[in-house]
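Inspection log for the structure reproduced underneath, given as structure tokens.
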Amino acid sequence: MTDLMTNWWVWLAFALLLVILEVLIPGWIFLGFAIGAAITGLLLLGPLQLLSTPMLLLAFAALSLASWLVLRRVFSLRTGQVKTFDHDIND
């Protein structure tokens, strides 16, 4: 299993699976994990080739958290704004 986790294509396949899951169950959390997995997979092509499995998992966790925070910052409501609905969609 540890040999499988050090392959770049496994991380990119995992990212694709998480993107599909995000489409089926929207909520921004899976997209953050997908971005983290994709960046980890791309980094395995270059500088992270020789890292051990625990260090890869730590890099994945840190990249996922950072990408989720960026997504939250970019797509959230501005401070002080509240989403209100004045009419019903069925009216």
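Side notes on the structure shown:
- Relative contact order of the range 2-75, defined on C-alpha pairs under 8 angstrom at six or more residues apart (%): 36
- When I39, I89, I25, I20 are sorted by how many other C-beta atoms sit within 10 angstrom of their C-beta, beginning with the fewest, the order is I89, I25, I20, I39.
- Among L63, L58, the order by Cβ neighbours within 10 angstrom, fewest to most, reads L58, L63.
- Of all complete DSSP H helices in the chain, those with a Cα span along the helix axis of 27 Å or greater and a mean Kyte-Doolittle hydropathy of 1.0 or more are 53-75.
- Lys/Arg +1, Asp/Glu -1 at C-beta; the chain dipole; positive extreme among V10, I89, P47: P47
Computed from the coordinates by the stated procedures, all read-outs in this text should not be read as laboratory data. Everything quoted here is computed from the prediction, not taken from an experiment. Cβ sites come from the backbone with ideal geometry, for glycine too, and all protein chains shown count toward neighbours.
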